[in-house]
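The values are calculated or read from the model by the stated rules, or taken from the named source; none is laboratory data. Since this is a predicted model, take the numbers as computed values, not measurements. So basically every Cβ, Gly included, is an ideal-geometry build from the backbone, and we count neighbours across all protein chains shown. With ligands, DNA and RNA removed, areas are computed over all heavy atoms of the protein, side chains included. Shrake-Rupley method; radii C 1.70, N 1.55, O 1.52, S 1.80 Å.
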Amino acid sequence: KAGVTQTPRYLIKTRGQQVTLSCSPISGHRSVSWYQQTPGQGLQFLFEYFSETQRNKGNFPGRFSGRQFSNSRSEMNVSTLELGDSALYLCASTLVGGNTGELFFGEGSRLTVL
Amino acid sequence: GQNIDQPTEMTATEGAIVQINCTYQTSGFNGLFWYQQHAGEAPTFLSYNVLDGLEEKGRFSSFLSRSKGYSYLLLKELQMKDSASYLCAVSSGGSYIPTFGRGTSLIVHP
């Protein structure tokens, strides 16, 4: 069974640009969550999508947005990039109704903003 | 909101036992997770505690006390490959999406 796939794995952008990251969940998983990971703040929750609807949202500015498609694939977008947006962006999928709610993480997309 | 505290870094010797503590403050507790993350890799699930007590899984065990807002992850017979970051995470309220602590970096030396 294929795991969670994130693309691209690495990317470099400059301030003011925008970026779109993609996540393909494990087959059958309909919930997709996004996290930002930095050395100083750890893993911080961005948002969660289920059945193409944003169900939960963290405390990030409106520059961070996302969406989910009918096949459960998800994208997140960051507009007007700032230096502080440099981070590892992790996507996780979960089987809703599973016993533990275990999150299955992708390898992440490492964004560097110059 | 939630407040999750765990030590930033710990060191231990190969073959020894180490206990990584996690304290949390939350309302409407649902469950507590432990994840392991090796450098440059994705976090992977280790354990999930809902009820008080100890859950054992091979060399790893996780303990929960809901009344004290306290959990620990116990690693026995440490191996070099156990060097990683260990993340404590709590889900609460109406959402099962966990909030993560900043992680404990464990260094295992020979």
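Add +1 for every Lys or Arg and -1 for every Asp or Glu among the other residues with Cβ under 13 Å from the Cβ of residue A:90, and state the total. Walk me through the intermediate numbers first.
Values: positive: A:9, A:110; negative: A:48, A:107, B:41.
Overall, the nearby charge balance is -1.
Comparing the full protein assembly with the isolated chain (1.4 Å probe, heavy atoms, ligands and nucleic acids excluded), the residues of segment B:77-110 losing at least 30 square angstrom of accessible area are B:96, B:97, B:98, B:100, B:102. Only beta bridges with both residues in chain B are counted; by DSSP, about 90 percent of them are antiparallel.
Given R0 = 35 Å, the distance between the Cβ atoms of residue A:59 and residue B:54 translates into a calculated FRET efficiency of 0.55. One chain, two ends: residue B:21 and residue B:109. Fully extended at 0.36 nm per residue, the span grows by 29.7 nm beyond their Cα-Cα distance. Quick one: net charge of residue B:15's neighbours, Cβ under 12 Å, K/R +1, D/E -1? Its environment carries a net charge of -1.
Charge tally for residue A:42 (other residues, Cβ to Cβ under 15 Å; Lys, Arg +1; Asp, Glu -1): -1. Each label point was placed 7 Å from the Cα along the Cα-to-Cβ direction; for residue A:10 and residue A:80 their separation is 3.0 nm. Across all directions, the shadow cast by the convex hull of segment A:34-111 built on its C-alpha atoms averages 5.6 square nanometres. Model label sites at residue A:51 and residue B:3, defined 7 Å from Cα along the beta-carbon direction, differ in position by 3.8 nm. Normalised per residue, the accessible area of chain B is 48 Å², obtained with a 1.4 Å probe and no contribution from ligands, DNA or RNA.
Taking segment A:48-113, which chymotrypsin sites (Phe, Trp or Tyr not before Pro) meet the DSSP loop condition and have no more than 13 other C-beta atoms within 10 Å?
On the way: sites: A:49, A:50, A:64, A:69, A:89, A:104, A:105; in loops: A:69.
Listed in order of number, the matching sites are A:69.
For residue B:57, the lysines whose Cα comes closer than 21 Å to its Cα, not counting residues fewer than 8 places off in the same chain, are B:76, B:81.
Considering only protein heavy atoms, what per residue accessible area in square angstrom results for chain A with a 1.4 angstrom probe? Kindly include the intermediate steps, with their values, before the conclusion.
Values: 5480 Å² over 114 residues.
Roughly 48 Å² per residue, with all protein chains present.
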